[in-house]
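Chemist: The structure under discussion is supplied below as structure tokens; questions concerning it will follow.
We did not get these values from a lab; they are worked out from the coordinates using the rules stated. For clarity, every value in this text was computed on a predicted model and none was experimentally measured. Here Cβ is always computed from backbone atoms with ideal geometry, including for glycine, and neighbour counts include all displayed protein chains.
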Amino acid sequence: MKINPFKAWRPALDKAGDVASVPYDVVTTQQAAALAAGNPDSFLHIVRAEIDLPEDTDVYSDSVYAKANENLQRMKANGTLIREEQPCFYLYSQQMDEHLQYGIVAGCHIEDYENGLIKIHEKTRKVKEQDRTRYVDELNANTGPVFLTCKDSDLVGGLMEQISATEPLYRFTAPDGIIHTVWKIEETGAFAAAFANVPAFYVADGHHRSASAVSVGRARREANPNHTGDEPYNWFLAVIFPESQLKILPYNRVVLSLGSQTAEEFTVKLSKSFDSSYNELSTPKQTGEICMYMDGTWSTLIPKEAIPSDPVGSLDVSILQDRILAPLLGIDDPRESDDIDFVGGIHGTAELERRVDAGEAVVAFSLYPTTIAQLMDVADAGLLMPPKSTWFEPKLRSGLLINTLD
């Protein structure tokens, strides 16, 4: 795989904790405004620029992109963000409780994405892809990194271990308690050579960010009669984690309505396809099991029919979708249905119980987390997972390292 060092815009040394923000897509406008309140340096003023405009502003209006660019230029001009003097790679670690993960921050080539060497496992929504494409184009920058993973490499792992033993550039604890550390890698040749032996990258999180970066790069390539492939617009910002570094949490579901059927009717239908055990377990012990919460009780569901062996059909999210959500509840397309909501595993099963007990939902499903191996198998087969199949935690912070397209 090709990786490229870049001349990052990054926070001044005393500003990293103030600037770094959660990704744009894990908070609502209201949540972003609350997180950025009293902090003009928060990168949320860029990735969720509508927080600086009237409350009724359409998040896709021209004024939002203009405000984002205005805020980015302000932070550059006032020294909140500074420009690296030479192209570098970076080592980025995040610690959440006992889990510690390390990744390399670098530029990845849009042609590797186009040629299927950077592999995807989810569809993108057109409106979200168009939004991020406009952000990249109008700000002339990748404002949030794509979260990539790859097969483990002893060579890459050894180099990361060497860098992690040196003095970091930044180290701070975010408001959510996650510790973020960044090291600058000025000698880039060894890492570039190590990744040249890695066969593929996989998009773990950031399908819209990667697709939008490629869209902008492709448009600029087509508009440039002297295109060489080395221009900055050919590269997009990513953090690449070897697979063993990562932790996937489940992505659970709550169903808001049973339609015209009663809970008893739904349970009878369910019993034809699943054996139920009312054991009060809220999390599955293994793949192939689904825990269900309804009427104040947890039960474990085990499919009566054999689980398919294909990469997509064998996923727990597929079993739920194909054997319960679609046939029994009429939720054929969970992306478009108003009868379902998704709850990241970081919120725990207590949030599932809360929603059902509060009457916000009628039934909740707790799933066994998808594995990195399953993600890679699906992507290697050129297939797509059901939506909301993986929840990666901790999330990458935006604003720590910014790649501009010039």
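Chemist: Mean separation of Cα pairs under 8 Å and 6+ residues apart, divided by the residue count of the stretch 251-368: what relative contact order is that in percent?
Modeler: Numbers: 199 pairs, mean separation 51.8, N = 118.
For the stretch 251-368, the relative contact order is 44 percent.
Chemist: Take 108, 88 and order them by how many other Cβ atoms sit within 10 Å, fewest up front.
Modeler: Working: 108 28, 88 21.
Ordered by Cβ neighbours within 10 Å, fewest first: 88, 108.
Chemist: For the stretch 318-406, what relative contact order do you get, as a whole percent, if you take Cα pairs closer than 8 Å and at least 6 residues apart?
Modeler: 23
Chemist: Here's something else I'd like to know. Once you compute Rg and the Kirkwood Rh from C-alpha atoms, what is the Rg to Rh ratio for the chain? Could you put the intermediate results ahead of the total?
Modeler: Details: Rg = 22.2 Å, Rh = 22.6 Å.
The Rg/Rh ratio comes out at 0.99.
Chemist: First check a/c for the stretch 251-368, with a ≥ b ≥ c the square roots of the eigenvalues of its C-alpha gyration tensor; if it is under 1.5, answer rounded, and if not, answer prolate when a/b is larger than b/c or oblate otherwise. Kindly include the intermediate steps, with their values, before the conclusion.
Modeler: Working: a/c = 1.24, a/b = 1.17, b/c = 1.06.
In terms of gyration-tensor shape, rounded.
Chemist: How high is the relative contact order of the chain, given as a whole-number percent (alpha carbon pairs under 8 Å, six or more residues apart)? Spell out each step's value before the answer.
Modeler: Details: 769 pairs, mean separation 96.4, N = 406.
Contact order relative to length: 24 percent.
Chemist: Which of the listed residues, 106, 292, 33, is farthest toward the dipole's positive end in the chain, when Lys, Arg count +1 and Asp, Glu count -1 at the beta-carbon?
Modeler: 106
Chemist: A further question follows. Of 365, 379, 283, which is farthest on the positive side of the dipole of the chain, counting Cα position, with +1 on Lys and Arg Cβ, -1 on Asp and Glu Cβ, and the Cα centre as origin?
Modeler: Farthest towards the positive pole: 379.
Chemist: In addition: If neighbour count is taken as other Cβ atoms inside 10 Å, put 25, 295 in order from fewest to most. Display every interim value, and only then the final one.
Modeler: Values: 25 16, 295 12.
Fewest-to-most Cβ neighbours within 10 Å comes out as 295, 25.
Chemist: Once a ≥ b ≥ c are taken as the square roots of the eigenvalues of the Cα gyration tensor of the stretch 287-326, is the result rounded (a/c under 1.5), prolate (a/b larger than b/c) or oblate (a/b not larger than b/c)?
Modeler: On the way: a/c = 2.58, a/b = 2.05, b/c = 1.26.
In terms of gyration-tensor shape, prolate.
Chemist: So, one more: How large is ³J(HN,Hα), in whole Hz, for each residue of the stretch 384-398 in order, when computed from phi with the Karplus curve 6.51 cos²θ - 1.76 cosθ + 1.60 and θ = phi - 60°, using x for Gly and Pro?
Modeler: Per-residue couplings from phi come out as 10, 7, x, x, 6, 8, 10, 10, 8, 8, x, 7, 5, 7, 8 Hz.
Chemist: Next up: A 28 angstrom limit on the alpha carbon distance is what I want to check against. Which of 184/395; 2/184; 247/304 exceed it? Kindly include the intermediate steps, with their values, before the conclusion.
Modeler: Values: 184/395 20 Å; 2/184 19 Å; 247/304 30 Å.
Check vs 28 Å cut-off fails for 247/304.
Chemist: Now, a different point. Can you sort 309, 21 from fewest to most other Cβ atoms within 10 Å of each residue's own Cβ?
Modeler: Working: 309 7, 21 26.
Taking fewest neighbouring Cβ atoms as first place, the list is 309, 21.
Chemist: Can you compute the helix-only [θ] at 222 nm over the chain? Use -39500 (n - 2.57) per DSSP H run of at least 4 residues, normalise by all residues, nearest 500 deg cm²/dmol.
Modeler: Working: 14 runs with 123 residues, N = 406.
My calculation for the chain gives -8500 deg cm²/dmol from helical runs alone.
Chemist: With springs connecting C-alpha atoms under 10 Å apart, model the chain as a Gaussian network and identify which of 190, 32, 238 has the largest mean-square fluctuation.
Modeler: Maximum fluctuation in the GNM of the chain, among the listed residues, is at 190.
Chemist: Could you state the angle between the C-alpha long axis of helix 154-164 and the longest principal axis of the C-alpha atoms of the chain, as a value from 0 to 90 degrees rounded to the nearest 10?
Modeler: 70
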